[in-house]
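Worksheet: one structure, shown below.
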Amino acid sequence: MASINKVILIGNLGKDPELRYTPQGRPVVNFSMATTERWTSKDGEKQERTEWHNIVLWGRQAEVANQYLKKGSSCYIEGRVTTRSWEDKDKVKRYRTEIEGLTLQLLSGGSTGGGRQEPPPQPDEYFDSFPDHGGHQSMAGSGSGGGSNAADDDLPF
């Protein structure tokens with residue numbers, strides 16, 4: 001059976017990108033990215049939950065991110081979930097889950113005239129392309145808009 005490891009995020013950088021180079025000279029950039037979902041509870045209270053993601057980009061995309069993105073910038077990332085492991089100085093095995101970005105789209109916060117030939121899709125336009133999505137918040141099981149998401153409570157994640 002085939003499997004799929006695909007992540008799509010639209011969010012804001014939590015810190016400036018950190019560009020480094022591998023010993024072979026390949027650029028790699030790391031930054032944190034926040035995605036925030038908002039909904040109204042059954043009691044009518046506005047709710048909000050923010051998730052933080054560790055993003056890694058390689059090659060030309062790493063250089064573009066370093067040049068045009070900064071803390072607070074919005075971007076679209078498409079990629080896959082990866083987990084690295086290493087031993088720390090005390091010989092304890094450590095793990096870090098990251099999103100390895102394969103596609104980067106600048107949405108805001110960069111220099112003007114960054115070479116884009118067409119404007120990027122806005123988050124609402126992107127999510128509106130999915131039929132019966134009930135608002136993008138429900139995609140993460142947050143219970144927004146069009147009815148109850150009781151079935152989401154049974155999900156193991």
Least to most buried among 15, 42, by other C-beta atoms within 10 Å and fewest first, runs 42, 15
Once fully extended, how much extra length lies between residue 34 and residue 67, figured as 0.36 nm per residue of separation less the alpha-carbon to alpha-carbon distance?
9.9 nm
Points 7 angstrom from Cα along the Cβ direction at residue 60 and residue 45: gap in nanometres?
4.9
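If each residue's Cβ is checked for other Cβ atoms within 10 Å, how do 29, 81 rank with the fewest at the top? If you can, show how the numbers build up before the last one.
Working: 29 24, 81 12.
The fewest-first ordering by Cβ neighbours comes to 81, 29.
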Report the local net charge at residue 32: Lys and Arg +1, Asp and Glu -1, summed over other residues whose C-beta lies under 11 Å from its C-beta.
-2
So which of 6/71; 6/89; 6/70 end up more than 30 Å apart by C-alpha?
6/89
Using a 10 Å cut-off around each Cβ, can you sort 89, 6 from fewest to most neighbouring Cβ atoms?
89, 6
In nm, to one decimal, how far is the modelled label at residue 82 from the one at residue 3, with both set 7 Å along Cα→Cβ?
1.6
How long is the gain from residue 15 to residue 105 if the chain were fully straight, where each residue apart is worth 0.36 nm and the alpha carbon distance is subtracted?
30.7 nm
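Here, each number is a calculation from the coordinates, and none is a lab measurement. Predicted, not measured: the structure shown is a model, and the values here were computed from it. Every residue, glycine among them, receives a Cβ derived from its backbone with ideal geometry; neighbour counts consider all protein chains shown.
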